[in-house]
Amino acid sequence: MVKREIAVRLLSNDTEKVSLLARDSFLYRMGYKLLTQWLIDNKYPIHIYLELSRSCNYSCQMCARNKIEDKSGFMRADTLLKVLKEMKPYPTSYALHMFGEPLLHPLYYDMIRSIRVVNKQNNIILVTNGSMDMRDLAGLVDRIYVSVPHMVPGMYYKMTGGGDLSNVHKNVIEFIKMNTKTKLLVRYFGPDITEVLSWKKEGVQFEFKEFHNYAGAAKEWTNLKSKGNVYPCYHHFYTLAITYDGDIRICCADWTGDTSLGKVKDTTIQEAWKKGLGKHFDLCDKCDIWQYKTNMFFKWQH
């Protein structure tokens, strides 16, 4: 249990910075590999993605949602409660994120609160487009990532299918002014231009990311350049993803269901985890998201 508490605490902080440090320093790299392998839990995932909503108020050009036929729906409360009941004794990091906007769920506040109440050591991460007021979540979630593909309003409007960047800016600033313990970062995928600096001057913190190819669904958008040295993806050792209709998958980027490990109503999280732990799927051959994290393993372990 101590290992899980350490892992969840790490996930509530800037793991991207730690991963990047491991790429640049031999000592950090060795420590990173040893620590991340030690933290793997063979019984349960450390991190669970929850797709509260498949519905979305944006139509982002780079999103795998464009390839999915089923574009609407909300997670049932009993689906979430079954997961939380099983995971109650085990501190877990939950990320509200997949192919829709979580805050569109009519019961999003109650569902998020249930994650907090069931185990106060749970880590809760919200990934949102920032188009809706987030102030009611202050102090309830640990971290909010507001995804922004571009900082020029016209480009933002085009890339999101009609999104209003000024509205997102307003919501971000209003949340920051609350000075809450919940940390908000703008997850930015565009070029580092003057508009970024102007937001920074207002106290906005950024996490700079590259577009990935969504397991082959958005190949034309990826900025990740593989050097041919493919290594095991962290998703296979740390995460599960649960879609709005209760399908359990190994990864949040799985838009096809190729990595499906069963349905919440038919199996347990533990059974699904043991079934998928470390397993390679055909969809993985098309994906480049593994590059987001530094290699957890030594070459002789590949």
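The values are calculated or read from the model by the stated rules, or taken from the named source; none is laboratory data. Remember, it's a predicted structure, so these values are computed and weren't measured experimentally. A quick note on method: Cβ atoms are made from the backbone with ideal geometry, for glycine too, and the neighbour counts reach across all protein chains shown. The accessibility values were calculated without ligands, DNA or RNA, using every heavy atom of the protein model including side chains. Shrake-Rupley method; radii C 1.70, N 1.55, O 1.52, S 1.80 Å.
For Arg249, the residues 5 or more places off, or on other chains, whose built amide H falls under 5 Å of its own are Ala241, Ile242, Thr243, Leu261. Students often get this wrong: which residues of the stretch 34-51 have the backbone nitrogen under 15 Å from the point 7 angstrom along Cα-to-C-beta of Phe298? It comes to 34-38, nothing else.
Ignoring aspartates and glutamates fewer than eight residues from Lys219 along the same chain, the ones with Cα atoms less than 18 angstrom from its Cα are Glu210, Asp254, Asp258, Asp282, Asp285, Asp288. Taking amide H as placed 1.01 Å from N in the peptide plane, Phe206 has its amide H under 5 Å from the amide H of Val186, each at least 5 places away in sequence or on another chain. Over all directions, the projected convex hull of the C-alpha atoms in the chain averages 15.0 nm² in area.
Measuring with a 1.4 angstrom probe and ignoring ligands and nucleic acids, Lys158 comes out at about 130 Å² accessible. Taking all Cα pairs closer than 8 Å and separated by 6 or more residues, the relative contact order of the stretch 179-228 comes to 31 percent. When a/c is below 1.5 the answer is rounded, else prolate if a/b is larger than b/c, else oblate, so apply that to the stretch 56-191 with a ≥ b ≥ c taken from the square roots of the Cα gyration tensor eigenvalues. The shape class here is oblate.
Whole-Hz Karplus values for the stretch 162-173 come out as x, x, 9, 5, 5, 5, 4, 4, 4, 5, 5, 5 Hz, taken residue by residue from phi with 6.51 cos²θ - 1.76 cosθ + 1.60 and θ = phi - 60°; glycine and proline positions read x.
List the relative contact order of the stretch 151-302 as a percent without decimals, with contacts defined as Cα pairs under 8 Å and 6+ residues apart. Intermediate results must be reported in sequence, preceding the final value.
Numbers: 169 pairs, mean separation 29.4, N = 152.
Computed over the stretch 151-302, the figure is 19 percent.
Fully extended, how many nm does the chain gain between Thr194 and Val117 (0.36 nm per residue separation, minus their Cα-Cα distance)?
Values: separation 77, 0.36 × 77 = 27.72 nm, distance 4.17 nm.
Going from the current span to full extension adds 23.6 nm.
Quick note on the stretch 201-270: its Rg to Rh ratio, both from C-alpha atoms and Rh being the Kirkwood radius, is 1.08.
Contact order normalised by length for the chain, with contacts defined as Cα pairs under 8 Å and 6 or more residues apart; what percent is it? Before the final figure, lay out the partial values.
Values: 555 pairs, mean separation 65.9, N = 302.
Computed over the chain, the figure is 22 percent.
Looking at the stretch 18-127, which trypsin sites (Lys or Arg not before Pro) are in a loop (DSSP not H, G, I, E or B) and have at most 16 other Cβ atoms within 10 Å? Show your work: numbers first, answer last.
Numbers: sites: Arg23, Arg29, Lys33, Lys43, Arg54, Arg65, Lys67, Lys71, Arg76, Lys82, Lys85, Arg113, Arg116, Lys120; in loops: Lys43, Arg54, Lys71, Arg76, Lys120.
Sites meeting the loop and neighbour criteria: Lys43, Lys71, Arg76, Lys120.
To the nearest Å, what is the center-to-center distance of the stretch 255-302 and the stretch 125-150, using C-alpha atoms only? Taking the Cα centre of the stretch 125-150 as reference, the centre of the stretch 255-302 is 27 Å away. So which lysines can Lys299 reach, going by Cα to Cα under 17 Å and dropping same-chain residues fewer than 8 places off? Filter leaves Lys33, Lys227. Here the 3J(HN,Hα) profile of the stretch 96-102, calculated from phi with Karplus coefficients 6.51, -1.76 and 1.60 at θ = phi - 60°, is 8, 5, 6, 10, x, 9, x Hz, Gly and Pro shown as x. Computed from the Cβ-Cβ distance with R0 of 25 Å, the FRET efficiency linking Asp136 to Lys225 stands at 0.05. The alpha-carbon of Lys88 sits under 23 angstrom from the alpha-carbons of these lysines, leaving out residues fewer than 8 places away in its chain: Lys3, Lys43, Lys120, Lys263, Lys265, Lys274, Lys275.
The distance between label points at Phe211 and Phe26 comes to 3.8 nm (points 7 Å beyond Cα on the Cα→Cβ vector). Among the protein heavy atoms, those of Cys63 account for about 30 Å² of accessible surface (1.4 Å probe, every chain in place). Think of it this way: in the chain, Cys56, Cys233, Cys251, Cys252, Cys284, Cys287 stand alone, with no other Cys Cβ under 4.7 Å. Put Tyr157, Tyr90 in order of accessible area, highest first, and with a 1.4 Å probe you get Tyr157, Tyr90. Taking label positions 7 Å along the Cα-Cβ direction at both Ile6 and Ser72, the computed distance is 4.8 nm, reported to one decimal.
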